[in-house]
1. Out of all the residues in segment 31-49, is one or more out of contact with any Gly (no Cβ under 7 Å at 6 or more places or on another chain), over 27 Å from residue 87 (Cα atoms), open to solvent by 90 Å² or more (accessible area, probe 1.4 Å) and modelled with pLDDT under 70?
2. May I ask you to list the residues in segment 132-160 that are of a type in the set (Lys, Arg) and either in contact with a helix residue (DSSP H, G or I) (Cβ under 6 Å, 6 or more places away or on another chain) or open to solvent by 100 Å² or more (accessible area, probe 1.4 Å) (or both)?
3. What number of residues within segment 74-99 are of a type in the set (A, V, I, L, M) and open to solvent by 100 Å² or more (accessible area, probe 1.4 Å)?
4. Open to solvent by less than 100 Å² (accessible area, probe 1.4 Å), modelled with pLDDT under 75 and of a type in the set (Ser, Thr, Tyr): does that describe residue 59?
Amino acid sequence: NNIPIFTNYSLKANGYNRRCVYSDGDIEDLRLEDLEQLSKLDPNHRKSRLSTKVKAHPTDNPKNGSDGTASIKFPHTQAQYTQLLLESEHQRDVETTQLLAQDILAKSAAVDDLVAKLPGMNRTRQMQMERINELIKSNHDVTRDLEEAYVVAKERREEV
């Protein structure tokens, strides 16, 4: 039973900033995206309905802090927190839908291109059947020629 232990460390190369140390001593560096993908493979993993990632909205006056940093408005009541979660979830749903729509359109265009490149797409069914019959006839002719060449080669071999 190989149980991983995750630690944060400051390796910044390519975003690999999670170190997984397994109980057998094996070490693996992972990105947060890798961990998210691996968590989806876990049969016990359940995606929550509401996102726990909260995007805080800045107040109307972005430079309220004494050092010029933005002041952030945090929810103070459960209703405000619920509203913030719903807005965040809605925004994430919109972004996901847009990404999926773009992906579908790109894949649809790729399929259309592949179908357009298929041989015979510019021919009718009757034209395709005629072409098949021509190829069958040509195949029979070549087979006959091959059999004749085989007979000639066999006769010559016997002469030698």
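1. So far as segment 31-49 goes, yes, one or more of its residues are out of contact with any Gly (no Cβ under 7 Å at 6 or more places or on another chain), over 27 Å from residue 87 (Cα atoms), open to solvent by 90 Å² or more (accessible area, probe 1.4 Å) and modelled with pLDDT under 70.
2. Restricting attention to segment 132-160, the residues satisfying the condition of being of a type in the set (Lys, Arg) are 137, 144, 154, 156-157.
Within segment 132-160, 137, 144, 156, 157 qualify.
3. Residues of segment 74-99 that are of a type in the set (A, V, I, L, M), as a first pass: 79, 84-86, 94, 99.
Keeping just the survivors that are open to solvent by 100 Å² or more (accessible area, probe 1.4 Å) gives 99.
Residues in segment 74-99 being of a type in the set (A, V, I, L, M) and open to solvent by 100 Å² or more (accessible area, probe 1.4 Å): 1 in total.
4. yes
The values are calculated or read from the model by the stated rules, or taken from the named source; none is laboratory data. The model shown is predicted, which means the values in this text are computed figures rather than measured ones. Glycine gets a Cβ as well: all are built from the backbone with ideal geometry, and neighbour counts include every protein chain shown. The accessibility values were calculated without ligands, DNA or RNA, using every heavy atom of the protein model including side chains. Shrake-Rupley method; radii C 1.70, N 1.55, O 1.52, S 1.80 Å.
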